[in-house]
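Worksheet for the structure shown next.
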Amino acid sequence: MSSKDDVKKYLPLTEATYFIMLTLTEPLHGYAVMQKVEEISRCAVRVGPGTLYGVFTTLEKEGLIVKVSEQDRRKSYTLTPKGKAVLANQIERLELMSHNGAAVLKRLKADGYEGWVNR
Amino acid sequence: MTEEKKTVKKFRWFWAWQDEAEEAWLGEMSRKGYHLVAAGIPCIYEFKAGEPKDYVYRLDFQSFRKKEREEYLQLFQDAGWEYLGQMSSWQYFRKEAKPGETNEIFTDNESKTGKYKRVLYFLGFFYIILIAVFWGRIWGESPYPWWDGIKIFIAVVLLIMTYAIIRLVMRIRKLQRR
């Protein structure tokens, strides 16, 4: 199993890497990853092919994802146990950040802040 | 009506730090109705005359083996990019500009930085080799009269490479600061 330090050195993940890893809990090929990232992020995150190729290369080299099949020239990847550990750690970090943030946001709103989203 | 498929050849020098200018120039040519046929021989561009089109051209810098290349090109093709070939290690792509779609092959600063780092390592490799081989010979006595000419040539090449490396490092720094 991967040690704690081993996992922590990959954090924080970039936004693109994070969303790509989220889609790879099941085997997917590159184009499907691009589409799914767009879908789950509600078009907030788009991954270009150059960026995706770079992320795939790095994640594979670091042993966070692995090639599972190849159809025509499309290769499918999925998370390795180490990749899952890294992703889980990242999610926990984000939860902590979001949990702390939510409390502050509540106070800000009580002080009259209306939020930029609704403006 | 004269509907001949005219091709136009252009000669253009392209420095390593001018990739964005290169992309813009190719897009400009397409808007005038001249579309790049293929990238291949350095500095020589062949355009086919046709209807003006709003094409986006993008360059990547990659040198890899055949197997990796297939996977790479498949990704770009699936994402709607047409591959035009490579000029040294610059990979040329284009796509019709459409609203609501990404017209970028690199969608974050990390991957943009990665591209310039690859150019930098490539240049740096040859830079070190050139220096290792020629440094002593530049400053030493000329064994033949024509050696002076070669010395000047190599000195100029090294100067330009130094400039290119500085420009690339500056570009990377700027991207990392964002």
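Structural remarks
- Ranking by accessible area, most exposed first, for A:Ile20, B:Ile166 with a 1.4 Å probe: B:Ile166, A:Ile20
- Per residue, segment A:1-71 exposes 53 Å² of accessible surface when a 1.4 Å probe is rolled over the protein heavy atoms with every protein chain present.
- Total accessible surface hidden between A and B, rounded to 100 Å², 1.4 Å probe: 1800 Å²
- For segment B:80-124, a decrease in accessible area of 50 Å² or greater in the assembled protein chains relative to the isolated chain, with a 1.4 Å probe, applies to B:Thr107.
- Per atom type, the protein assembly as shown shows carbon and sulfur on 57% of its accessible surface, probed at 1.4 Å.
- 10 Å Cβ neighbours from other chains, averaged over peptide B:57-63: 2
- Area of A:Phe19 that stays accessible when all protein chains are in place (1.4 Å probe, Å², to 10): 40 Å²
- Taking all protein chains together, A:Thr17, A:Thr57 sort by accessible area into A:Thr57, A:Thr17, largest first [probe 1.4 Å].
- Placing a label point 7 Å from the Cα of A:Asp6 along the Cα-to-Cβ line, the residues of segment A:60-92 whose backbone N sits under 20 Å from it are A:60-67, A:78-92.
- Accessible surface, per residue, of chain B when the full set of protein chains is kept, probe 1.4 Å, Å²: 61 Å²
- Among the GluC sites (Glu not before Pro) within segment B:62-142, those in coil by DSSP and having at most 12 neighbouring Cβ atoms inside 10 Å are B:Glu141.
- The alpha carbon gyration tensor of segment B:72-156 gives principal lengths a ≥ b ≥ c with a/c of 1.5 or higher and a/b greater than b/c, which makes the shape prolate.
- Exposure ranking of B:Arg167, B:Arg177 by accessible area [1.4 Å probe, largest first]: B:Arg177, B:Arg167
- Comparing A:Thr78, A:Thr58, A:Thr23 in a Gaussian network model of chain A (Cα springs below 10 Å), the most mobile by mean-square fluctuation is A:Thr58.
- In the complete set of protein chains, residue-level accessible area for B:Thr102 is approximately 40 Å², probe 1.4 angstrom.
- Prolate/oblate/rounded call for the protein assembly as shown, Cα gyration tensor, a/c under 1.5 rounded: prolate
- Axis angle, to the nearest 10 degrees, between helix B:109-139 and the longest C-alpha principal axis of chain B: 30 degrees.
- Over chain B: helical MRE at 222 nm, DSSP H runs n ≥ 4 each giving -39500 (n - 2.57), nearest 500: -17000 deg cm²/dmol
- Alpha-carbon centroid distance for the pair segment A:1-40 / segment B:105-128, whole angstrom: 23 Å
- Remark: spin-label model distance A:Arg42-B:Ile166 equals 4.9 nm, labels positioned 7 Å along the Cα→Cβ axis.
- On full extension, the segment bounded by B:Glu96 and B:Phe64 gains 8.8 nm, given 0.36 nm per residue less the C-alpha separation.
- For chain B, the longest principal axis of the C-alpha atoms and the axis of helix B:19-31 are separated by about 30°.
The values are calculated or read from the model by the stated rules, or taken from the named source; none is laboratory data. If you're wondering where the values come from, they're calculated on a predicted model, not measured in any experiment. Note: ideal-geometry Cβ built from the backbone for every residue, glycine included; neighbour counts use all protein chains shown. Calculation scope for accessible area: heavy atoms of the full protein, side chains included, ligands and nucleic acids excluded. Shrake-Rupley method; radii C 1.70, N 1.55, O 1.52, S 1.80 Å.
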